[in-house]
1. Could you tell me whether region B:349-368 includes any residue that is farther than 30 Å from B:A55 by Cβ and either modelled with pLDDT under 95 or in contact with a Pro (Cβ under 8 Å, 6 or more places away or on another chain) (or both)?
2. Yes or no: region C:177-191 includes at least one residue that is within 14 Å of chain A (Cβ to nearest Cβ), outside any loop (DSSP other than H, G, I, E, B), crowded, with 22+ Cβ neighbours inside 10 Å and among the hydrophobic types (A, V, I, L, M, F, W, C).
3. Here are A:R71, A:R61: which of them is more than 9 Å from every other protein chain (Cβ to nearest Cβ), among the charged types (D, E, K, R) and more than 12 Å from the chain's Cα centre (by Cα)?
4. Exactly one condition in (1) under 24 Å from the mean Cα position of the chain (by Cα); (2) crowded, with 18+ Cβ neighbours inside 10 Å; (3) of a type outside the set (V, I, T); (4) part of a loop (DSSP other than H, G, I, E, B) is not met by C:A48; state its number.
5. Does region A:78-88 contain at least one residue that is within 9 Å of chain C (Cβ to nearest Cβ) and not in a helix (DSSP H, G or I)?
6. Only one of C:K165, C:K265, C:K235, C:K231 is among the basic types (K, R), at pLDDT below 95 and over 30 Å from C:M114 (Cβ atoms); which?
7. Got a sec? Which of C:I133, C:I125 is assigned by TED's automatic domain parsing to the domain that holds C:A77 and surrounded by 20 or more Cβ atoms within 10 Å (Cβ to Cβ)?
8. Can A:D38 be described as acidic (D, E) and either buried (at least 24 other Cβ atoms within 10 Å of the Cβ) or in contact with a Leu (Cβ under 9 Å, 6 or more places away or on another chain) (or both)?
Amino acid sequence: MSNNPFPLNRDELLRAYRIMKTIREFEERVHVEFATGDLPGFVHLYAGEEASGAGIMMNLRQDDHISSTHRGHGHCIAKGVEVKGMVAELYGRSTGTCHGKGGSMHIADLDMGMMGANGILGAGAPLACGAALASKYKNDGTVGISFLGDGASNAGNFLESLNLAAVWDLPAIFVVENNGYAQSTSRDYAVAVDSYVDRAVGFGMPGVTVDGTDFFAVHEAAGEMISRAREGGGPSLLECNMIRFYGHFEGDAQTYRGQGEVDEIRKNRDCLKKFIQQVTQTKALKQSDLDGIDQEISVLINQAFDEAQKAPRPTEADLLTDVYISY
Amino acid sequence: MTSTIIKAITMPKWGLTMKEGLVGDWLIEEGDTIDSGMEVVDVETDKITSAVEVADSGTLRRTVAVPGETLPVGAMLGVIAEAEVSDEELDAFIQEFQENFVPEEADEADSGPKTETAQIGELKINFLRQGSAEKTAVLLHGFGGDLNNWLFNHMALIENRTVIAIDLPGHGSSSKTVGDGSFAFMANTIQQLMKELDVSKADWVGHSMGGAIALQLAQSHPTLVRSLTLIGSAGLGAEINADYLRGFTQSESRRELKPHVQQLFKDPSLVTRQLVDDLLKFKRIDGVQACLQTITDCFIDEGHQGENLRNVLEAQDIPALVIWGAEDQIIPANHASDLPSQDNVHILEDGGHMVQMESATEVNKLITDFWKD
Amino acid sequence: MAREITIKEAIREALDQEMQRDPTVILMGEDIVGGTGSPGEDDAWGGAMGVYKGLFGKYGNRLLDTPLSESAFIGAAIGAATCGMRPVAELMFIDFLGVCFDQIYNQAAKFRYMFGGKAETPVVIRTMYGAGISAASQHSQTLTPIFTHIPGLKVVCPSTPYDAKGLMIQSIRDNDPVIFCEHKNTYDLVGDVPEESYTIPFAEANILREGDDVTIVTYGLMVHRAVEAAKQLAKDGIECEVIDLRTLSPIDMETVIESVENTGKLVVVDEANPRCSIASDISATVAQQAFKALKAPIEMVTSPHTPVPFSPDLEKFYIPSTEKIIASVQKTLSY
């Protein structure tokens, strides 16, 4: 007998789990593969932060737009970007989401409303304002969401965007995914205010702080902001406090973290464990439901990596394509 | 008895906007005999390079303009007189002319004729009307052209006609729509324009596509037509240089367009960069490309002219003058053969498709003589 | 019909006609309406140079005054462009590119490429450049080379009213990001402009004057100085071919090479500072592609390697003058 106390129905709960688990498995696998030296460039893993991406994206439609950060895999997956294409992109293959031209930091799929992971921190904030601005002219009720980290929240781009969104009353949501560290610099050092809500209010919009490891808390807070924005209520800021399991980038020894800090958060602050506990304890979902999904995801990830490793590499001719639409 | 008549050769005004011309080489020397219609000196304007043709005959006594100098419209280029006229008289003539010569002001409000517009339904038609004679003549340019195609003819023709040169729909400064692209649409619009301008009958002069439109008009509205002058006209046969039409329509750059435009003239060096640039400017106006394509699609059937309007000349009793350039590379001159009134068919040696420009003096004379009858 | 209007009016007309034709065209920038939120009249400024005057009355909220936040609003224009709008955003002075350049060169310019050919960013960024009104170092630069350097951007520099209108219409209709550069000292130049809408393709240089003796290549305000120099040289029987590039990216090198193959002599005039300038770019390309045709070393007439001075006396020395152009032409002819 199921007893669902949550404001999401069974299908939605399953979908939420699928999103978070896919992100987790994806990132864990990238972590393993990256260590072999086969993945070129840099990757920045979202493991540990899944509840934020899933909680927000579950409130969005395909035609809502998000702009992301360098740590964009989670946002991509939650927004519906195809996993196989993403893996091929990490390997720089021509079957990648961006045909190998973008890499981990620039995966984008505009058809899915994903305006791109971004290598420039804070640069996504104005872009999301742009999406929100377009939404007003098109009158289609969509929103623009800008994801940023605690570090990027100090960037001029972000602060200017807060003001602009408030001045123009844009259907924009700024999500500060505060995982406590900007590369190696702690948030407590680099941000003068105690909470980003202070900045929100300072710039003329409402702000809310949530535990970013609690899917339901994120989902509810984001839901309220997004509905309000859709109805013309203007912009908001959501501070999601969370943790990242891995370093800033893969290869980061994380020596700036306290002794045992990472072990502790994996044990006690894992958002996926929390979600599983919440849904199974209330019997909203059964473990067997989750196992089924686990199995599917495992197959998907394995296939994605297998195919990506065998996928064709781009040729020299591909180097010169798509600089312009026409020149 | 010796003639003491001294005539000045002056810088002509080719088209509405010409203010000055750059004098090129003299084609004859002092002492040479001039026949009417002879080309005497090259002149280059910002629109075109051509030779000044003189209507008068006599002896070239003085070349006044020097190659390389720029002179305003109306300035003296040279002097024609009989051999017997004395140098002193020539000097006096020249001095008097130069003292009294006032070039037209650059920004004078009424510097030359102004075009007018008329609203015909949804179309705005631009036209140039000059002269004050009782009878009216209407000039219709060809595909891709405009009323300035007649720049060497307009002034000469206003002697005993009020001359109206029209920018056809889709062309010049008229609205850029051409309906279904048919000659009937064009003819219909023009007929309504005539009504608007209170013209009940006119002598029609049509070049190339303009000729076909004139024929169409004669077929659908015969009372409007006093006479027809057809120059390198469409509608009189099947053959046409469809490649030229396609090339002209689709060319997007100076380089692409120039060789096509050069086919219009017997002497391709007449095609200056400015001429090509002006055509490009026209083609780049919104809607022009579509107009040209629509006209071509309607007119050309598998590389041939789709409309045959020869019967208009054959069946009807309209006085017709037919002029063709022997070197016409667009529509072959043999379309002028076997027409009813062969007396009034003239194939000019020195002309290509744009014979009304290349042999302007001769063409003007043929037309004015034709109208006198 | 063509009539004489100024470059400023030509640009306004282009914006007006495109806004009329396409509802996705929106304009944004500082003071482009002027008076937003203030008690005085609406449309108080119509832009710092009055380019937009009158458009607010016609299009209302499709014109947006922005806060002083270049990065945010240029970025917003770019973001909106990827979402189906066709914004024309104003970067008031090209000198301000520093505060928002990331959005332009790291975002807009690279979306198409980075995202594997799946993004369209049809944004136009209008900006003023050039010296001559004593606006001093931070408001007088010609930073066109910086934009030209970036793959993914198109750079347009009209010098006449006809070109300004046609190229602006073309820029708005183009689906790639375009930087539309207007020399601040040319807004009142007049010329014949058709009333109807029309376009001018990019990468088509304009030959203002034909000549067989020397090729002068330039853009922007320097076009007019080059034409003046050519007129003066013609009095001495020297015929210069004057080429106005009109667009710097893409660039019409074909016309330049063709001309140099005829004249054998090249003078490039560029108001930008000399290191890594448009002049050096063109000179290197010509030296590479038309080496055999050259009968003299290429001459470059540029501003010096200094910031733009304030004092009008100094500014006069800074900007390439007609005399300097003439001297360079004569130098090539002395070989």
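The values are calculated or read from the model by the stated rules, or taken from the named source; none is laboratory data. All of these numbers come straight from a predicted model, not from anything done at the bench. Here the Cβ is made from the backbone with ideal geometry for all residues, glycine too, and neighbour counts use every protein chain on show.
1. Quick first cut of region B:349-368, residues farther than 30 Å from B:A55 by Cβ only: none.
No; the residues of region B:349-368 include none that is farther than 30 Å from B:A55 by Cβ and either modelled with pLDDT under 95 or in contact with a Pro (Cβ under 8 Å, 6 or more places away or on another chain) (or both).
2. Narrowing region C:177-191 to residues within 14 Å of chain A (Cβ to nearest Cβ): C:177-179.
Going one step further and asking which of them are outside any loop (DSSP other than H, G, I, E, B), we end up with C:178-179.
From what is left, the residues that are crowded, with 22+ Cβ neighbours inside 10 Å are C:178-179.
Subsequent filtering for residues that are among the hydrophobic types (A, V, I, L, M, F, W, C) retains C:178-179.
So far as region C:177-191 goes, yes, one or more of its residues are within 14 Å of chain A (Cβ to nearest Cβ), outside any loop (DSSP other than H, G, I, E, B), crowded, with 22+ Cβ neighbours inside 10 Å and among the hydrophobic types (A, V, I, L, M, F, W, C).
3. Values: A:R71 fails: more than 12 Å from the chain's Cα centre (by Cα).
Only one candidate passes the filter, namely A:R61.
4. (2)
5. Applying the first criterion (within 9 Å of chain C (Cβ to nearest Cβ)) to region A:78-88 yields none.
No, that holds for no residue.
6. Details: C:K165 fails: at pLDDT below 95; C:K265 fails: at pLDDT below 95; C:K231 fails: at pLDDT below 95.
Just one listed residue meets the conditions, C:K235.
7. Details: C:I133 fails: surrounded by 20 or more Cβ atoms within 10 Å (Cβ to Cβ).
Residue meeting the stated conditions: C:I125.
8. Values: acidic (D, E): yes; either buried (at least 24 other Cβ atoms within 10 Å of the Cβ) or in contact with a Leu (Cβ under 9 Å, 6 or more places away or on another chain) (or both): no.
So A:D38 does not fit the description; no.
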